[in-house]
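Asker: Below you will find the structure I want to go over with you.
The values are calculated or read from the model by the stated rules, or taken from the named source; none is laboratory data. Please read all numbers here as calculations on a predicted model, not as lab measurements. Here Cβ is always computed from backbone atoms with ideal geometry, including for glycine, and neighbour counts include all displayed protein chains.
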Amino acid sequence: MEKVRIDFRDQIAANKRKSVFLMFSVIVVIVLLGWVISMALNPVYFTLIMIIAIIFSIVYVVAGFYNSDKISIASVGAKKADPHKHRDFYSLVEGLTIASGLPMPRLFVMPSKQINAFASGRDPKHAVICVTEGALEKLDRRELEGVLAHELGHIGNYDMRYMTTVAVLVGMIAIISQMFLRSLFFGGGRGGGNDNKLQWVFMLIGIVLAILAPIAVYFVQMSISRKREYSADATSVKFTRHPNGLIGALKKIKSDYQYDQGKMHKKKPTKALAPLFFANPMSALGSTHPKVEDRIKALEKM
């Protein structure tokens with residue numbers, strides 16, 4: 001039986017549609033949570049909560065977004081790649097930027113024997129690509145090209161900007177939920193002597209949503225992260241026109257991590273940075289990335 005092939009363009013489009021749908025679901029949660037809380041509390045009080053939540057979320061996340069390249073590089077102890085020592089690294093990225101039409105990112109090397117890489121930066125003009133020493137040592141030229149094309153895919157797809165928007169929305173839900181629960185604890189926010197049965201029903205629903213909504217949107221955020229990984233894999237095929245290099249790199253990563261179990265980092269990345277990496281650097285956060293086996297299966301169909 002002939003294997004069904006999937007065009008990489010269809011794969012990219014499908015994952016973008018799924019990401020948009022998941023992002024829309026986060027907005028729906030915000031609207032639903034807001035409506036329930038406004039029914040349970042004085043609407044004026046809820047408006048104040050919304051204003052504070054929006055300001056805190058945007059300021060906190062956007063400040064990190066505009067400095068994402070500096071923060072990510074500093075947090076893993078990476079050093080700027082040497083054009084002579086890391087000649088293949090430079091030449092492969094230069095070739096891929098010509099093929100993709102993207103500007104040349106700044107290149108860094110991270111002190112780790114694991115095979116990994118990540119891209120960061122608010123837009124293609126301010127992007128960085130960082131690879132581990134292990135990736136440069138253990139991957140052959142075609143495999144390294146596949147990994148670098150994947151990272152350029154993240155840059156070209158504006159994934160950092162996309163995930164920042166999601167982080168703002170998720171942060172808003174967390175702040176709104178906390179402020180609502182704390183207002184109940186301190187006995188404030190109920191309005192105008194309208195303590196009827198319906199209001200208490202909304203109060204109970206609001207409590208349940210305030211507890212469960214942050215958990216639910218966290219899993220949605222991780223699901224969006226996984227979809228963006230599939231899109232970057234498909235974009236890698238678009239840039240290189242062959243999936244075998246990326247498949248080979250993923251197979252090496254699988255065996256490398258089974259042996260290594262995440263203990264070979266000189267400086268471990270933070271949990272916040274885990275979604276940026278080509279392969280999840282922290283076994284406890286497996287939900288930020290698809291399973292390596294699933295990524296390989298998807299690539300083998302292209």
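Asker: Tally time: how many residues in segment 125-177 are among the polar types (S, T, N, Q) and in contact with an Asp or Glu (Cβ under 8 Å, 6 or more places away or on another chain)?
Answerer: 0
Asker: Now, a different point. Considering only residues of segment 43-69 that are within 16 Å of the chain's Cα centre (by Cα) and of a type in the set (V, I, T), which is modelled with the highest pLDDT?
Answerer: Filtering first and then ranking leaves V62.
Asker: From L209, L204, which residue is in contact (Cβ under 8 Å) with a residue 12 or more places away in the chain and either at negative phi or assigned to a helix (DSSP H, G or I) (or both)?
Answerer: L209
Asker: Tell me whether segment 117-128 contains one or more residues that are among the hydrophobic types (A, V, I, L, M, F, W, C), within 30 Å of S255 (Cβ to Cβ) and in contact with a His (Cβ under 6 Å, 6 or more places away or on another chain).
Answerer: Yes: segment 117-128 contains one or more residues that are among the hydrophobic types (A, V, I, L, M, F, W, C), within 30 Å of S255 (Cβ to Cβ) and in contact with a His (Cβ under 6 Å, 6 or more places away or on another chain).
Asker: Further, regarding this structure: Here are the criteria: (1) in a helix (DSSP H, G or I); (2) at pLDDT 70 or above. Tell me which single one D82 does not satisfy.
Answerer: Answer for D82: the failing condition is (1).
Asker: Identify the residue in segment 235-255 that is among the hydroxyl-bearing types (S, T, Y) and either closer than 15 Å to K301 by Cβ or under 21 Å from the mean Cα position of the chain (by Cα) (or both) and, among all such residues, is surrounded by the fewest Cβ atoms within 10 Å (Cβ to Cβ).
Answerer: The extreme case among them is T235.
Asker: Kindly indicate whether any position in segment 221-232 is of a type in the set (V, I, T), at pLDDT 80 or above and crowded, with 20+ Cβ neighbours inside 10 Å.
Answerer: yes
Asker: On to the next question. Taking only segment 67-85 into account, find how many residues are closer than 17 Å to M160 by Cα and either in contact with a strand residue (DSSP E or B) (Cβ under 7 Å, 6 or more places away or on another chain) or of a type in the set (D, E) (or both).
Answerer: Going through segment 67-85 one residue at a time, the tally reaches 4.
Asker: Looking only at segment 225-247, which residues are small (G, A, S) and either touching a His at 6+ places or on another chain (Cβ under 9 Å) or within 16 Å of D10 (Cα to Cα) (or both)?
Answerer: Listed by number, the residues that qualify are S225, S231, A232, A234, S236.
Asker: Of the residues L148, L136, L102, which single one is at pLDDT 90 or above, surrounded by 20 or more Cβ atoms within 10 Å (Cβ to Cβ) and more than 30 Å from A213 (Cα to Cα)?
Answerer: Testing whether each residue is at pLDDT 90 or above, surrounded by 20 or more Cβ atoms within 10 Å (Cβ to Cβ) and more than 30 Å from A213 (Cα to Cα) leaves just L148.
Asker: Still on this structure: Could you identify the single residue in S68, S112, S75 that is among the hydroxyl-bearing types (S, T, Y), closer than 23 Å to I253 by Cα and in contact with a Lys or Arg (Cβ under 7 Å, 6 or more places away or on another chain)?
Answerer: Testing whether each residue is among the hydroxyl-bearing types (S, T, Y), closer than 23 Å to I253 by Cα and in contact with a Lys or Arg (Cβ under 7 Å, 6 or more places away or on another chain) leaves just S112.
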